[in-house]
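Everything below concerns the one structure shown next.
The values are calculated or read from the model by the stated rules, or taken from the named source; none is laboratory data. The structure presented is a predicted model; accordingly, all values stated were derived computationally and were not measured. Here the Cβ positions follow ideal geometry from the backbone for every residue, glycine too, while neighbour counts run over all protein chains shown. Side chains are part of the model used for accessible areas, which takes the heavy atoms of the whole protein and leaves out ligands, DNA and RNA. Shrake-Rupley method; radii C 1.70, N 1.55, O 1.52, S 1.80 Å.
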Amino acid sequence: MSFPWARQYEPKNGLTKFLDERLPLPRLVYNAVGAGYPVPRNLSYFWNFGVLAGFFLVVQIVTGVVLAMHYAANAQVAFATTEHIMRDVNWGWLMRYAHANGASFFFIVVYLHIFRGLFYSSYKAPREMIWLLGVVIFLLMMATAFMGYVLPWGQMSFWGAKVITGLFGAIPLVGEPIQVWLLGGFAPDNAALNRFFSLHFLLPFVIAGVVILHIWALHIPGSSNPTGVEVKSESDTVPFHPYYTAKDGFGLGIALLLYFAMVFFLPNALGHPDNYIEANPLSTPAHIVPEWYFWPFYAILRAFTVDFFFVPAKLMGVIAMFASILLWFFLPWLDKSPVRSGHYRPLFRKFFWFGLIPAMIVLFICGGAPAEEPYVMLSQIATAYYFLHFLVILPIISSVEKPEPLPYSITEAVLGSDKKVVKGENTSPAV
Amino acid sequence: MTKLLSVRLVAILVGLGFTVAVLWGFLVGAYNAATEEAAGHVPYEHPKELSWSFDGPFGKWDKAQLQRGLKVYDEVCSACHSLKFVAFRDLEQIGYSEAMVKAYAAAKTVPGIDPNTGEASTRPGLPTDYFPSPYPNNVAAAAANNNAIPPDLSLMTKARGDGTNYVASLLMGYQEPSAELLEEHPEAAPGPGLYHNPYFPNLNLAMAPPLTSTGQVTYDDGTEATVEQMSKDVAAFLTWTAEPTLVKRKQTGWPVLIFLLFATVLAYMSKKQIWSAVKPKK
Ligand code: HEM
């Protein structure tokens, strides 16, 4: 489960000895995030975002539980109780802004975490399970965030819920019954608001459970690293504590500075003004847009504008939107290059920086823009590239690309030489 | 191996399917763009960039301005607009004494119940009451305003982009539509009961210009009540109603950020020190 040179836990005093024989919790911590967990010594700051994601999950749960003490999930009063929290509850405004911006920061750090996984192909063997669980977490996060946004019962809450549940209406035959079943009615109302609140409270704990599996799966092979070369010997690693606790502590400080700068000085910058208007089923907002973190996927949804043979455009958009995320499940089997890190993959690197990243930026901008030209046409090109990149380009380049030479070991990459270098053995295939 | 190959083959086919479907739409869109004329939006103006005492990270309320703004709301806007999330007691925050708030509330009439008969009636307000709505319900509000319901103003400055500037610009922005505009966009001409205002997104709104002449409100502090002054004062007041905690929020932010900066510098130094043991020597 860990490297043979991992330090062993030794209970030092009576209490820890007592515990170690009955409930070895200190041992668990020591082996998970303590000196007993050897980690590659060359991780870059891109490896900070997993811990940051965990931190923001805790922020969301703590602020969310406090908000739930003052909020009422009833369409008559939901908007007013939200304002009650902002105005009358002691520090209620802080809890609400911390929760709303915490959701945004959670997505920012998770997007950077996924970006890291994609560039360094952390999804490859032996880390497929970490990646698959990560995709599950991401899907759960999206569901949680969507339902949370409905709770203040503003205009975007209501119309967002209507549009997103309306997507199920695109499914042939059973679509409309499914939509009515999901909402508990023909349009979002009390029934929908109550079940969304219930699920919004539940899902973060489900996420926490999947995060535990995610980290368990991580601790089997241990972290990958920027070279993508697997750990070979003790000189390739340092103990998690104090090395990475210190580095994560510094990263956390930076993240908190940015986060609280937003919370205290620009708390509404990432939100939509329309959500400060109470929900009104009779008045449709000029542009219905989801929260910023859904924009790329919203752009994919709206990029399909014509029927495709017998599939209506709307259904095609819905399928494509779900497919755009579900295809991540297959990445470990689509990208078969034996080299992990993008630093040693010249062709992959070009498509990544000059194809995927620009396409994601275009999708992001178009998803937040009104559904008119030139945004629709731009999002169509970017959507086409998105699917081509993952489903066509990645599988093909992994067989035609000639990777650059890899360092023999992490130690060599860091120190310039490794005493244990054996000539002719300088590749470290992933599979 | 053949099984994996087929996974990738299926992926490539699916990928090409999505690509063809979405690019098909692109071609149709490109064809339409080339053959049809784009409808084009009516052009509206972005709010003026005004300066406010509560702007910026050190912003503070100008309580005299908030009190003037309250007076404008009280004497003009409250005829049509409610302020339902604001209680009279909140006015203590903008510099009124408890006694003044009590007197202010008592001068308002709020809905109540006749203690003898239980019938709906009215009573003088208490500090714990909220600003009353000018209309008994939305139907009455719409009937009195050419079918448009005057929105509640409590959150108005947060419910519009650049809200404080927007409300001030809107109030001082009423004007006749220009000849060029009408020529290019005949549909922009105000219909019956509508008024032209370049800051309103569709250029015509159902609110008659509420602030029209200097001295419409008599300020207690002697400030000259020009239309511009009244517009700014009421916009500032509505910024306070939208977020009474705005200044406290910014004031709380500073110690938090300074503490975090300090902690982060310490964290950086300890990280550097710990890692110096294993960093390659240059
Ligand atoms: C609540 C959300 C999440 C939490 C708390 C979390 C936590 C973590 C932590 C603590 C690590 C080890 C540190 C690091 O490598 O950054 C990690 C690694 C990893 N995570 Fe996550 N994660 C989350 C979401 C995701 C998502 C959405 C994905 C992908 C879709 C993902 C994929 C991975 C992968 C592939 C690794 C191994 C990286 C490597 O060793 O190179 N995680 N995660």
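Taking the range A:366-411 as the range and being away from chain B (no Cβ under 12 Å) and free of Cβ contacts under 8 Å to residues at least 24 places away in the same chain as the test, only A:Ala369 passes. Among the candidates B:Val72, B:Val20, the residue that is over 25 Å from B:Ile149 (Cβ atoms), β-branched (Val, Ile, Thr) and part of a helix (DSSP H, G or I) is uniquely B:Val20. Based on this model, can you work out whether A:Ser337 counts as surrounded by 20 or more Cβ atoms within 10 Å (Cβ to Cβ), at pLDDT below 95 and either at the interface with chain B (Cβ under 10 Å from one of its Cβ atoms) or assigned to a loop (DSSP other than H, G, I, E, B) (or both)? For A:Ser337, the condition - surrounded by 20 or more Cβ atoms within 10 Å (Cβ to Cβ), at pLDDT below 95 and either at the interface with chain B (Cβ under 10 Å from one of its Cβ atoms) or assigned to a loop (DSSP other than H, G, I, E, B) (or both) - is met. When A:Leu57, A:Leu28, A:Leu52 are checked against the criterion of being within 16 Å of the ligand (Cβ to nearest atom) and either within 14 Å of chain B (Cβ to nearest Cβ) or not aliphatic (A, V, I, L, M) (or both), A:Leu52 stands alone in meeting it.
When residues in the range B:8-32 are screened for being at the interface with chain A (Cβ under 7 Å from one of its Cβ atoms) and under 24 Å from A:Glu372 (Cα atoms), 11 of them pass. Scanning the range A:77-117 for residues that are over 27 Å from A:Phe158 (Cβ atoms) and open to solvent by less than 20 Å² (accessible area, probe 1.4 Å) yields A:Val109, A:Gly117.
If we scan the range B:148-168, do we find a residue that is of a type outside the set (D, E, K, R), open to solvent by 50 Å² or more (accessible area, probe 1.4 Å) and in contact (Cβ under 8 Å) with a residue 40 or more places away in the chain? Break it down stepwise before answering.
Start the filter on the range B:148-168 by keeping residues that are of a type outside the set (D, E, K, R), which leaves B:148-151, B:153-157, B:159, B:161, B:163-168.
Keeping just the survivors that are open to solvent by 50 Å² or more (accessible area, probe 1.4 Å) gives B:149, B:151.
The next check asks that each one be in contact (Cβ under 8 Å) with a residue 40 or more places away in the chain; those that pass are B:151.
Yes, the range B:148-168 contains at least one residue that is of a type outside the set (D, E, K, R), open to solvent by 50 Å² or more (accessible area, probe 1.4 Å) and in contact (Cβ under 8 Å) with a residue 40 or more places away in the chain.
Give the residues of the range B:89-122 that are in a strand (DSSP E or B) and surrounded by fewer than 16 Cβ atoms within 10 Å (Cβ to Cβ), sorted by residue number. Across the range B:89-122, the qualifying residues are B:Thr109, B:Pro111, B:Gly112, B:Ile113, B:Ala120, B:Ser121, B:Thr122.
Sort through A:Gly117, A:Gly166, A:Gly160, A:Gly175 and tell me the only one that's within 30 Å of A:Leu218 (Cα to Cα) and either more than 14 Å from every other protein chain (Cβ to nearest Cβ) or more than 10 Å from the ligand (Cβ to nearest atom) (or both).
Only one candidate passes the filter, namely A:Gly117.
Of the listed requirements (1) within 16 Å of the ligand (Cβ to nearest atom); (2) touching a Gly at 6+ places or on another chain (Cβ under 7 Å), A:Tyr276 misses just one: (1). Filtered by the rule that a residue be within 16 Å of the ligand (Cβ to nearest atom) and closer than 17 Å to A:Leu258 by Cα, the range A:60-100 gives A:Gln60, A:His99. Taking the listed residues A:Leu193, A:Leu213, A:Leu252, the one that is within 16 Å of the ligand (Cβ to nearest atom) and either away from chain B (no Cβ under 14 Å) or of a type in the set (Val, Ile, Thr) (or both) is A:Leu213, with no other qualifying. A:Tyr243 meets each of the listed conditions (1) open to solvent by less than 20 Å² (accessible area, probe 1.4 Å); (2) closer than 17 Å to A:Leu52 by Cα apart from (1). Looking across the range A:308-319, the residues that are under 18 Å from B:Leu27 (Cα atoms) and either open to solvent by less than 20 Å² (accessible area, probe 1.4 Å) or within 13 Å of the ligand (Cβ to nearest atom) (or both) come down to A:Ala313, A:Met316, A:Gly317. What about B:Val42, is it aliphatic (A, V, I, L, M) and modelled with pLDDT of 95 or more? Here the answer is no, as B:Val42 does not meet what is asked.
The selection criterion, being β-branched (Val, Ile, Thr), in contact with a Lys or Arg (Cβ under 6 Å, 6 or more places away or on another chain) and surrounded by fewer than 19 Cβ atoms within 10 Å (Cβ to Cβ), does not hold for B:Val265.
If you check A:Leu282, A:Leu258, A:Leu270 for being open to solvent by 40 Å² or more (accessible area, probe 1.4 Å), part of a helix (DSSP H, G or I) and hydrophobic (A, V, I, L, M, F, W, C), only one passes: A:Leu258. Being touching a residue at least 24 places away in the same chain (Cβ under 8 Å), open to solvent by 20 Å² or more (accessible area, probe 1.4 Å) and either within 14 Å of chain B (Cβ to nearest Cβ) or near the ligand (Cβ under 9 Å from one of its atoms) (or both) is a description that applies to A:Leu218.
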